[in-house]
Each structure stands twice: as C-alpha cells, then as structure tokens.
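Quick notes on the structure that follows.
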Amino acid sequence: MSRRRATLLPIAVLGGSFLLGGFFLQEGVTRDQNVYVQVRVFQEVVDRISSDFIDDLGEEALYENAIQGLIERLDDPNTSFIPASRYQDFAIRATEGRYGGVGLEVTERNGWVTVTAPLPGTPGDRAGIRAGDWFVRVDGEDAEGMSVDRAVDILRGRAGSEVEVLVGRPGIDEPIPFTLVREDIKLSSVPFATLLDGGVGYVPLQAFREEVTGELRTALDDLVAAGARSLVLDLRGNPGGLLTDGVAISELFLDRGDEIAETRGRALGADETFVSSTADAYADIPVVVLVNESSASASEIVAGALQDHDRALVVGAPSYGKGSVQTVYRLTGGNAFRQTTALWYTPVGRSVEKDRSAAAEPPRGVLTLDADVARVPSDEDRERPTFTSMGGREILGGGGITPDLWILPDTMTTLEAHAADALSLRGNAFVTALFNVAVDHVTARPDLPRDFVLEEPVVETLRAALKADGVTEPGARRLGITEDALLADADRFIRHRLEREIALQAFGEEGAFLRMSDRDRQLQAALDRLRGASSTTSLIALPE
C-alpha cells in the first residue's frame, strides 16, 4: 500500500481579508485561490479568539481544538490526530502490543466511547467489562462526547496504578462502577496450542502483533508434528491489527497467486490487490475458522479470504465489520495523523465495512454463560446480499464475515440473564469474590485433579462471600427479590464462572480451556464437522 508524506499548508497572517475575499468571489478565481482565502479567514478567526476572547485559551489549544473539530465532522471513529506526546506510545502499542493500561479495545458509538472487545486475560477482561459497555465517567471525567484518544490517554498509565470508571451497560438503568488496576500489557498472539481428540489441532489467535506470523507458524508446525490431521483457528475476540499481518496469516493457507484482499480508496496508491506469494503450507489439512462479534479487522481478512477460496469453513457468529484501512502520516513537530484512506474487500468483492448507523446500535441478542452478548439471527441477516465463492458456494456480504455455520454459544434464560446482570451492579466486586474463593480453594488443594468435581461447599463459600461483600444486595433490591432468590436464579452462571476460575488458577489458560471446551457450542460444532471430514472439500460439502 502506497503512503504519501503529509504536508502542511502555510498560513499567513494578513489583514483586509473580508474585502479581498469579496473581490475574489466577484471576479471569479481558481479553486486553489478560494481555498487560500478560506485559510486566511480561518487564521484571522484564530487570531481574534486568541487575542480578544473573554477566556485565554492559548493558540496551541485553539489549533488542536480546530483539528479535533474537523476530524469529528468526518464521523469516522478510526480517524484521529495523534499529538507528539502520544505518538511513541501509539507506535509501540500498534506494533509490539506492549503498554501500561487495562486492555480494552474501544471505539466511538453514538457520542460515547464504547468497548468493542476486552482483550483476554487483561484487567478489563478480568473485571467483567463486556463488549458493548460504554464509559459514562473515566477517572472522574465526564465521558459524554469524549474522544476515543482522550479516553485511551486516561486509561493508560503506570502499571499498578488504579483508574476508576463508570460504565453503562445495555439493559441496566444505572451505570456500573469499576476499579481497574493497570498492568504492563504484553499481548501474546498465540497463548497456547493443543491437540484435541481425533487429531484436531486447536490454536487461539488472540491478537495481531509483532511476529504474529512466526508465532502461529511455529504453533501449527508443532501440532502437525504431534499428529494433527485437521485444525481449528480460533479468531473469536481477536480485535485485529495491521492489514499486512492479516495478509501474511492468510498466505499460510492459500496457494501462490491466490487473491487475499483488495483495497480501494481515493489516494494515489490506495487501490491495491494483495495475493499470496507462497504455497499453502498446510494444503492437506482441513481448517475451521471460529469468529464472533468481536473478531475484527485483520481477523476478518483471514476469515474472509479463506471462506472465499473455500479453504476453510467459518463457524460461529458474524464478525464485527471493520473493513477500513488507516494510514498514519507523520506531521511537523512529532505529531501524527491517522486517517481512513481505503476500504478493503474480500477476493470475491465483499466489503467487510459494516454500515455505521447499524453498527452504532446496541448489541441485539442474549447473554451467554461467559457474560458476553450473542447476536440472534434477524430478518436483516437473512436479507444480506449474496456472493459466490471461488468454488461456487453461496456466501453472504453486507458487512462483517457471516459464518457458514452460525452457532449460538450456551446462553442464559431471561431470568438467569437478569440475575447475572444484577451481580454486576457493584462492578468488579463479583469478579473479585470469584477470584478470591478460587485461589483459596486451589491453595488448599495443591493436588487438585484436572477432572475435579465442583463441590457444593465451595459454591456455598462463594455465595456467602457475595452476600458478605455486598454484591447481592443492590441487585436483589433492583429486581425486587431476596438475595437468596437472586443467587438461585444465577446458580448456573455462578457455577460456570467458578469452575472456570478454579481451572484457570490451578492449570493456567490452556487448562481452563480444556476444562470448559466440552461446553463451548461453537467449538463443538467445529469439531463435529472436522471429525466427519477427510478433506477440505468434504468439510465444505457437509450439510449444515
């Protein structure tokens, strides 16, 4: 993708622009001359505000406010001005994935900074913040109309320091308070890889960061060497990254010359087609790609390319729909400007960019046992435009990647969902109690087997802790029921979360995954398909 260096238009401070501007408009001038007049008018307004406005705002702040105002009128949450003071941190996070913060991917929706995905294992994720939550206050600052960059500035900071946030949540009347302890966030692209029954290799790809292709290639090669005859590539919750990384990952599974993605834009060099430069490294191995509502950007490049070429079966739920390309321009004074310069398309011409007005709506769906929001198929989904894959299959467009097999996760009933939401009214108090009980249980049982049974006394210990810590009282009051009734309604949710937390503390992330994998409906659907397929062709051809 070609990139051009941004230049700044010189601004002169001259008098008499009103009369001169009138002369230009009367006589007729070139477009460039009219723009020059507008630049002079802008400078005069800045000068007047700077010298005569009742409050002293300072020229530097005026210019930055003007830039921010211009960007806001673009109505594009992915375009932003990056001051010099933030550029180094931005560059490190974009390429290396290391920064001090809370691990939340955010965007702007309906005037609020909104969480698109909590990154796995980070403070925001562990505290119980969900995709779709929006910030009402951030460290004491009112968040209505706050820019994404401002929110990110506040949320990041020294590891070990605290940040207080007040979060709105769909279906909850009152904002929820959270206290988050910042950490040094170093995102591992591939936290583990494991071989499941039936020779199925499983790899969770959680982020696109520096050296992601090498990490994934090593994990895949190790699984194949261990006997993997098929693969599950899990992109659920992966917020994406650089377009070039999405292309590089796709190349691992496509043949030389296969188209991966196409970008289209107005700028010189924005139109570009990316093709695989290497042979399919795993040509004889059937692949299922898992996606969900938090799979975005580079994740969608991979899923879309493999689906279009009939190289993988896509299972899960429709992805996020972030199909735009951002270019970062270095500016004078160490500042930078990131702007959307193109949209990208899958090999058969599907635009993955979801309609902004639709994307801005609160998530529609049901609450899962993992406290995520799962979308339920709607009439709009059935009316999506259709495309034809390279092998002649019908696939859907209309923003995001629609899976070949749409599988809802294990969801809660309305009664259970209300109870689970009620347990979140005191922010991370529920998660803290969960963590404390799990750690105490594991510490007291150093020989805990991997197939442990969740005993009733430990569940009762958690119930008692939730009462003692004041977690159940506000929720019970809100629902007009007793605390015991609330705990009864939330019983399945509580047991699920406690079992996973005990496995996580005892056996780590891979152990927790293995413990809970039999209840992962999307994963189980993928495994059923792979175990019934002897090749990629037969995998794709299996009836739904």
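Check Arg126, Arg130 and return the single one that is touching a Lys or Arg at 6+ places or on another chain (Cβ under 9 Å) and under 22 Å from Ala296 (Cβ atoms). Working first, answer last.
On the way: Arg126 fails: touching a Lys or Arg at 6+ places or on another chain (Cβ under 9 Å).
The unique qualifying residue is Arg130.
Looking for something farther than 28 Å from Asp258 by Cβ, in contact (Cβ under 8 Å) with a residue 24 or more places away in the chain and either assigned to a strand (DSSP E or B) or more than 18 Å from the chain's Cα centre (by Cα) (or both) - is there at least one such residue anywhere in the range 304-322?
Taking the range 304-322 as the starting set, the residues that turn out to be farther than 28 Å from Asp258 by Cβ are none.
Among the residues of the range 304-322, not one is farther than 28 Å from Asp258 by Cβ, in contact (Cβ under 8 Å) with a residue 24 or more places away in the chain and either assigned to a strand (DSSP E or B) or more than 18 Å from the chain's Cα centre (by Cα) (or both), which makes the answer no.
Can you confirm whether the range 287-298 contains a residue that is at pLDDT 95 or above, assigned by TED's automatic domain parsing to the domain that holds Ala267, more than 25 Å from Ala525 (Cα to Cα) and of a type in the set (A, V, I, L, M, F, W, C)? No.
Restricted to the range 50-61, and to residues there that are aliphatic (A, V, I, L, M) and at pLDDT below 85, the residue that is farthest from Ile82 (Cα to Cα) is Leu57.
Filtering the range 482-508 to residues that are closer than 20 Å to Leu425 by Cα, surrounded by fewer than 17 Cβ atoms within 10 Å (Cβ to Cβ) and of a type outside the set (D, E, K, R) leaves Thr482, Ala485, Ala488.
Tell me yes or no: at least one residue of the range 427-439 is out of contact with any strand residue (DSSP E or B) (no Cβ under 7 Å at 6 or more places or on another chain) and either free of Cβ contacts under 8 Å to residues at least 24 places away in the same chain or among the charged types (D, E, K, R) (or both). No: zero hits.
The set of residues in the range 367-391 that are surrounded by 12 or more Cβ atoms within 10 Å (Cβ to Cβ) and of a type in the set (Gly, Ala, Ser) comprises Ala371, Ala374, Ser389, Gly391.
Could you please give the count of residues in the range 36-83 that are of a type in the set (S, T, N, Q), under 18 Å from Gln326 (Cβ atoms) and either assigned to a helix (DSSP H, G or I) or without any contact (Cβ under 8 Å) to a residue 12 or more places away in the chain (or both)? Let's see the steps before the verdict.
Of the residues in the range 36-83, the ones of a type in the set (S, T, N, Q) are 38, 43, 50-51, 65, 68, 78-80.
Subsequent filtering for residues that are under 18 Å from Gln326 (Cβ atoms) retains 68, 78-80.
Narrowing further to those that are either assigned to a helix (DSSP H, G or I) or without any contact (Cβ under 8 Å) to a residue 12 or more places away in the chain (or both): 68.
Of the residues in the range 36-83, 1 are of a type in the set (S, T, N, Q), under 18 Å from Gln326 (Cβ atoms) and either assigned to a helix (DSSP H, G or I) or without any contact (Cβ under 8 Å) to a residue 12 or more places away in the chain (or both).
Selection over the range 467-495 of residues that are within 32 Å of the chain's Cα centre (by Cα), of a type outside the set (A, V, I, L, M, F, W, C) and over 15 Å from Ala433 (Cβ atoms) gives a count of 4.
Of everything in the range 318-344, what is on the phi > 0 side of the Ramachandran plot and at pLDDT below 90? Give them in sequence order. Don't jump to the end; show me each part of the working.
Within the range 318-344, the subset on the phi > 0 side of the Ramachandran plot is 321, 333-334.
Gly333, Gly334, listed by residue number.
The set of residues in the range 398-408 that are assigned to a loop (DSSP other than H, G, I, E, B) and either surrounded by fewer than 20 Cβ atoms within 10 Å (Cβ to Cβ) or not assigned by TED's automatic domain parsing to the domain that holds Asp308 (or both) comprises Ile407, Leu408.
Tell me, please, whether a residue that is of a type in the set (Val, Ile, Thr) and surrounded by fewer than 17 Cβ atoms within 10 Å (Cβ to Cβ) can be found in the range 521-539. Within the range 521-539, one or more residues are of a type in the set (Val, Ile, Thr) and surrounded by fewer than 17 Cβ atoms within 10 Å (Cβ to Cβ). Within the range 182-211, residues that are more than 19 Å from Val302 (Cβ to Cβ) sit with their Cβ atoms under 7 Å from residues that are among the basic types (Lys, Arg) and part of a loop (DSSP other than H, G, I, E, B), at 6+ positions apart or across chains, in these pairs: Arg182/Arg158; Gly199/Arg229.
Here's a check for you: in the range 170-182, which residue that is assigned to a loop (DSSP other than H, G, I, E, B) and surrounded by fewer than 21 Cβ atoms within 10 Å (Cβ to Cβ) is modelled with the lowest pLDDT?
Keep residues of the range 170-182 that are assigned to a loop (DSSP other than H, G, I, E, B), which gives 170-175, 182.
Still in the list and also surrounded by fewer than 21 Cβ atoms within 10 Å (Cβ to Cβ): 170-175.
Numbers: Pro170: 84, Gly171: 80, Ile172: 86, Asp173: 84, Glu174: 89, Pro175: 93.
Among residues in the range 170-182 that are assigned to a loop (DSSP other than H, G, I, E, B) and surrounded by fewer than 21 Cβ atoms within 10 Å (Cβ to Cβ), the one modelled with the lowest pLDDT is Gly171.
Within the range 116-161, the residues that satisfy the criterion of being out of contact with any Phe, Trp or Tyr (no Cβ under 7 Å at 6 or more places or on another chain) and in a strand (DSSP E or B) are Ala117, Pro118, Val136, Arg137, Val138, Glu141, Asp142.
Residues are listed down the side, and each one gets a yes or a no for (1) within 30 Å of Ile407 (Cα to Cα); (2) in a loop (DSSP other than H, G, I, E, B); (3) under 24 Å from the mean Cα position of the chain (by Cα):
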{"residue": "Ile260", "(1), (2), (3)": "yes, no, yes"}
{"residue": "Ala267", "(1), (2), (3)": "no, yes, no"}
{"residue": "Ala270", "(1), (2), (3)": "no, yes, no"}
{"residue": "Phe274", "(1), (2), (3)": "no, no, yes"}
{"residue": "Thr278", "(1), (2), (3)": "no, yes, no"}
{"residue": "Ala283", "(1), (2), (3)": "yes, yes, no"}
{"residue": "Leu290", "(1), (2), (3)": "yes, no, yes"}
{"residue": "Ala296", "(1), (2), (3)": "yes, yes, yes"}
{"residue": "Ser299", "(1), (2), (3)": "yes, no, yes"}
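Residues in the range 345-357 that are modelled with pLDDT under 95 and out of contact with any Asp or Glu (no Cβ under 8 Å at 6 or more places or on another chain): 4 in all.
Would you please name the residue that is surrounded by the fewest Cβ atoms within 10 Å (Cβ to Cβ), looking only at residues in the range 144-169 that are under 27 Å from Leu479 (Cβ atoms) and aliphatic (A, V, I, L, M)? Per the stated criteria, the residue is Leu166. Looking at Ser250, Ser230, Ser276, can you tell me which residue is closer than 20 Å to Gln307 by Cβ, of a type outside the set (Asp, Glu), without any contact (Cβ under 8 Å) to a residue 40 or more places away in the chain and in the same structural domain as Ala312 (by TED's automatic domain parsing)? The conditions single out Ser276.
Would you confirm, using the coordinates I've provided, whether Gly101 is crowded, with 21+ Cβ neighbours inside 10 Å, in contact with a strand residue (DSSP E or B) (Cβ under 6 Å, 6 or more places away or on another chain) and either at pLDDT 80 or above or outside the structural domain of Gly246 (by TED's automatic domain parsing) (or both)? Yes: the conditions hold for Gly101. Between Thr79, Thr107, the distinction of being crowded, with 16+ Cβ neighbours inside 10 Å, modelled with pLDDT of 85 or more and out of contact with any Leu (no Cβ under 8 Å at 6 or more places or on another chain) belongs to Thr79 only. For the range 250-277, a residue qualifies if it is touching a Lys or Arg at 6+ places or on another chain (Cβ under 6 Å) and either of a type outside the set (A, V, I, L, M, F, W, C) or modelled with pLDDT under 95 (or both), and the qualifying residues are Asp271, Ser276. May I ask you to verify whether Gln524 is within 26 Å of Asp125 (Cβ to Cβ), among the polar types (S, T, N, Q) and not assigned by TED's automatic domain parsing to the domain that holds Ala438? Yes.
The values are calculated or read from the model by the stated rules, or taken from the named source; none is laboratory data. Everything numeric here is computed off the predicted structure, so don't read it as measured data. Counting neighbours? That spans all protein chains shown, and the Cβs are built from the backbone with ideal geometry, glycine included.
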